[in-house]
Structures are given as structure tokens and as C-alpha cells.
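Here the structure is laid out as C-alpha cells; the discussion comes afterwards.
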Amino acid sequence: MKVDYLIVGAGFTGATLAERLASIGKRVLVVDRRDHIGGNAYDEHTEDGILVHRYGPHIFHTNSKKVFAYLSRFTEWRPYFHRVQAVVEGKAVPLPFSLATLRALFSERVADKLEEKLIARYGYGARVPILKLKEEEDPDLRFLAEYVYRNVFEGYTLKQWGVRPEELSPSVTGRVPVLVSYDTRYFQDAYQAMPKEGYTALFRRMLAHPNIKLLLKADWKEVEGEVRFDRLIFTGPIDEFFGYLYGPLPYRSLHFRLERHSVAWFQEVGTVNYPNEYPYTRVTEFKHLTGQAYLPHTLLCYEYPEAYESGRNEPYYPVPKEENEERYRLYLEEARKLKEVYFAGRLGDYRYYNMDQAVARALKLFEEIAHG
Ligand code: FAD
Ligand code: UDP
């Protein structure tokens with residue numbers, strides 16, 4: 001077989017590139033070692049009809065009009081604002097930590113004072129990373145920072161990553177800032193919605209182009225010698241591609257435990273985080289996300305973080321910290337030496353991308369290779 005592009009990985013990165021290249025007449029072969037399309041965004045129905053995200057709950061949100069418009073070609077949407085609670089001192093309170101959280105945990109007098117100080121210091125609507133708040137000199141704001149750090153971030157981050165918040169790039173905890181507002185949504189992006197028929201249906205439409213061939217249950221190594229191609233796009237782990245030449249890049253993994261309940265609803269919001277107790281970090285009730293309110297039963301997903309071991313579990317999260325970035329840069333140098341081979345995606349770029357960022361990156365790469 002001869003194609004113009006061989007794309008390794010059928011997740012958001014690979015599917016976007018395949019669709020774009022096919023649309024300009026290129027012949028594309030997409031291979032994935034899993035037995036399904038969609039990468040980590042893959043979803044499927046259980047026997048009793050609940051739509052489940054096999055690799056953990058995925059909520060779509062973006063500020064990019066371009067990305068939203070692009071994906072809208074392949075799906076209708078169901079508006080959905082994700083809400084998260086964190087259990088702090090035995091009480092379920094809104095997360096991100098906002099002015100509403102302040103009121104839920106402190107007396108009116110204390111909450112009034114802290115609210116006034118936060119607004120005066122940062123302005124209403126500000127998003128303050130916890131590690132930045134911790135540098136405050138004002139004793140009241142310091143008190144608040146320590147409180148939020150201890151009750152929301154420290155234990156959760158230790159569970160999720162196996163290290164303390166300071167040992168990671170500040171961008172990690174910065175994803176969930178202290179919000180100087182009464183917005184109790186987990187995300188504040190301009191576009192927040194779930195694909196109406198799920199992610200897999202969206203991917204099926206993306207990959208339906210006649211110029212795209214799909215080969216599942218096939219590792220890139222197996223097809224490398226069998227298929228002729230002009231260019232290769234690799235969205236798997238970049239360190240694996242180079243045979244771990246500079247040593248493995250660290251990843252964090254998870255395992256998921258599903259729990260079925262014969263009640264219509266189990267919890268008030270989509271996700272409840274447990275920063276301070278239990279070995280799991282959070283519990284998500286899929287029905288909130290997918291809108292299957294009509295079902296009489298429900299399914300929960302418990303997330304248990306664990307070390308990544310090649311061949312045993314999945315490399316879900318790149319670990320953003322300086323020493324890993326340095327090692328990644330060595331691989332990037334190798335990548336630059338290869339003509340007609342491109343790396344992209346959460347694993348190919350070793351970047352903690354959300355789905356929309358993976359799509360944005362793929363659209364940009366398409367522009368570069370199609371017109372460059
Ligand atoms: P992937 O989806 O990982 O796809 C890569 C594909 O390449 C995989 O299918 C893999 O099997 C295949 N592959 C790798 N190596 C090879 C090989 N050698 N041969 C053949 N195939 C190979 N993002 C959000 O926006 N919102 C969320 O709520 C959200 N929640 C998440 C929750 C969890 C638990 C995780 C892990 C991620 C979450 N994400 C979320 C991030 C989202 O999953 C990623 O942004 C997105 O999947 C990245 O797409 P990708 O195509 O780059 O990578
Ligand atoms: N985080 C935390 N406590 C929480 C929620 C998040 O400490 O209750 C930190 C933690 O380090 C986590 C990071 O913020 O890994 C990013 O959280 P997010 O919910 O964005 O993680 P993801 O959904 O990508 O797993």
C-alpha cells in the first residue's frame with residue numbers, strides 16, 4: 001500500500017490532521033494500536049445504555065472560536081457547564097475555590113473581609129493561581145492561601161502526581177485558580193458543550209472521508225515496513241518513537257473503577273473531588289456530562305492515580321516540570337533531524353493539552369505542512 005501520509009494515532013490530533021489532509025486530496029492511512037478510534041476521548045455505551053468515557057471523564061471547553069467551529073462540522077452539541085465540588089472539612093463546596101466557596105466555609109464576617117481584600121488586590125473576576133496567592137504578604141490573604149493550599153491542593157496533588165505542587169510547573173495547579181467571583185462553573189471558557197451523540201460518533205464523522213483508511217489494533221512498528229508513505233505524523237509518545245534514546249520521559253497514569261447504582265442520581269454535580277481523603281482523587285457521575293437524565297440507573301467513575309509503567313498501564317499525563325522539559329528538548333532535537341516526520345499531540349509534543357488544544361495544534365500543523 002502507498003499513501004501520502006501515515007498518521008499514527010486516531011485521537012483528536014491524528015483525526016484532525018487526517019480529516020484536513022484528506023480534504024485537500026491527500027491519501028491518508030491512520031493506524032492505532034487500540035481497537036477503537038478517538039484516543040483517550042473514546043466513549044461507548046454500557047449494556048444498560050449509559051454512555052461511558054473509557055479513559056476517564058472528558059468535558060469539552062474552549063475559548064477558540066476556530067476550534068469550536070471546526071468540530072461543529074462533525075457534531076451537534078448539548079450545552080453543558082461542568083460543576084465540581086471539593087470535600088473540604090467534610091463539606092462539599094464549589095470548586096474552583098471562589099467567593100462562593102469562601103462563603104460556604106467561613107463565617108460571614110471572615111468571608112466579607114477576605115472577599116473585600118481579594119477584590120481590592122486582584123479585581124472582581126480575577127483568576128489567581130494558588131502558588132501566586134501563597135506569595136502574598138497581607139496576613140489575611142496569606143491565611144487564605146495557606147488554607148486553600150492545605151485543603152484543596154496539597155493532598156490532591158500528592159495523590160495525582162506523587163509530588164507536591166511546588167515540584168511541578170506552576171501551570172499545573174494554575175489550571176484551577178482561585179476565582180475572585182461568584183462563578184461556580186469549573187471552566188470559564190466561551191464555549192462549553194458536549195458532543196450530542198458522544199465523542200466516538202464525532203470521530204466516526206471526522207474519519208469518514210473516502211481518502212482516509214483506518215487500521216486498528218496495529219502498532220506503528222508493525223506497519224512501518226509494510227506501508228509506503230511520503231510523510232509520517234506521529235501522535236504517540238515521542239520517547240518511545242526514538243527507542244528511549246535519552247531515557248524515558250515520565251508520565252502519570254490512572255486506573256478507573258466504575259460503580260453502578262440503581263438510583264437515578266448519585267451526586268449533585270458532575271464531579272466531586274476528594275483532596276484529603278481516600279486513595280482516589282475524584283468521582284464523576286457520567287449522566288451529568290452526557291445528559292442521560294432519563295435513565296433510572298447511574299454510573300460513577302472513581303479515578304486512582306498511579307505510577308506509569310510501560311506495557312502495564314497508559315501514559316495519560318506528561319509530567320510538567322523543568323527536568324522533564326529538558327529531556328523532551330533532546331528528543332525534539334532528534335525530531336528536527338528527521339525530514340517528513342512530524343510529531344504532535346499530548347504524547348508527541350509531551351504537553352498537557354486539553355482536547356481543544358490538541359485540535360488547535362493539529363490545525364496549525366496542517367497549515368504548516370499543507371502550505372509550507
Ligand atoms: P490521544 O487521545 O492519547 O491519542 C493518541 C493515540 O495514539 C492513542 O489512541 C494511542 O493508542 C495511539 N498510539 C500511541 N502510540 C502508538 C503506536 N506506537 N502505534 C499505534 N498507535 C499508537 N481534555 C479536555 O479537554 N477535557 C477533559 O475533561 C479532559 N479530561 C481528561 C481526563 C483524563 C483522565 C485524561 C487522561 C485526559 C483528559 N483530557 C481532557 C485530555 C484529552 O484526553 C487529550 O487532550 C486528547 O485526548 C489528546 O488527543 P491526542 O490525539 O493528542 O492523544
Ligand atoms: N488540583 C488540586 N485539587 C483539586 C483540583 C485540582 O490540587 O481539587 C490540582 C492538581 O494538581 C491537578 C491540577 O490542579 O492535577 C489540575 O486539575 P484539573 O482538574 O485540571 O486536572 P485534569 O482534569 O487534567 O486531571
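General remarks:
- Checking Ala15 against (1) within 9 Å of ligand 1 (Cβ to nearest atom); (2) farther than 27 Å from Gln192 by Cβ, the condition it does not meet: (2)
- Some residue of the range 355-367 being away from ligand 2 (no atom under 16 Å from the Cβ), more than 24 Å from Asn63 (Cβ to Cβ) and surrounded by fewer than 19 Cβ atoms within 10 Å (Cβ to Cβ): no
- Residues that are free of Cβ contacts under 8 Å to residues at least 40 places away in the same chain, farther than 18 Å from Leu254 by Cβ and under 19 Å from the mean Cα position of the chain (by Cα) within the range 150-175 comprise just one, Pro165.
- Members of the range 301-349 found to be in contact with a Ser or Thr (Cβ under 7 Å, 6 or more places away or on another chain) and more than 16 Å from ligand 2 (Cβ to nearest atom), listed by number: Ala344, Gly348
- Being within 30 Å of Phe286 (Cβ to Cβ) and without any contact (Cβ under 8 Å) to a residue 60 or more places away in the chain is true of Val93.
- Hey, Thr271 closer than 30 Å to Glu135 by Cα, of a type in the set (Val, Ile, Thr) and within 12 Å of ligand 1 (Cβ to nearest atom) or not: yes
- When Leu95 is tested against (1) under 21 Å from the mean Cα position of the chain (by Cα); (2) under 30 Å from His371 (Cβ atoms), exactly one condition is not met: (2).
- Selection status of Glu44, more than 16 Å from ligand 1 (Cβ to nearest atom), surrounded by fewer than 20 Cβ atoms within 10 Å (Cβ to Cβ) and acidic (Asp, Glu): no
Every residue, every condition in (1) modelled with pLDDT of 95 or more; (2) buried (at least 22 other Cβ atoms within 10 Å of the Cβ); (3) among the charged types (D, E, K, R); (4) closer than 25 Å to Asn273 by Cβ, yes or no:
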residue	(1), (2), (3), (4)
Val30	yes, yes, no, no
Asp48	no, no, yes, no
Tyr55	yes, no, no, yes
Tyr70	yes, no, no, no
Thr75	yes, no, no, no
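- Cβ pairs under 9 Å, 6+ apart, first in the range 322-349 and farther than 25 Å from Pro170 by Cα, second surrounded by fewer than 13 Cβ atoms within 10 Å (Cβ to Cβ) and of a type outside the set (Asp, Glu): Glu334/Leu245
- Qualifying residue in the range 17-26 (condition: in contact with a strand residue (DSSP E or B) (Cβ under 6 Å, 6 or more places away or on another chain) and in a loop (DSSP other than H, G, I, E, B)): yes
- Scope the range 173-200; condition assigned to a helix (DSSP H, G or I) and more than 16 Å from ligand 1 (Cβ to nearest atom); matching residues: Thr173
The values are calculated or read from the model by the stated rules, or taken from the named source; none is laboratory data. Because the structure is predicted, anything quoted here is derived from the model rather than measured. A quick note on method: Cβ atoms are made from the backbone with ideal geometry, for glycine too, and the neighbour counts reach across all protein chains shown.
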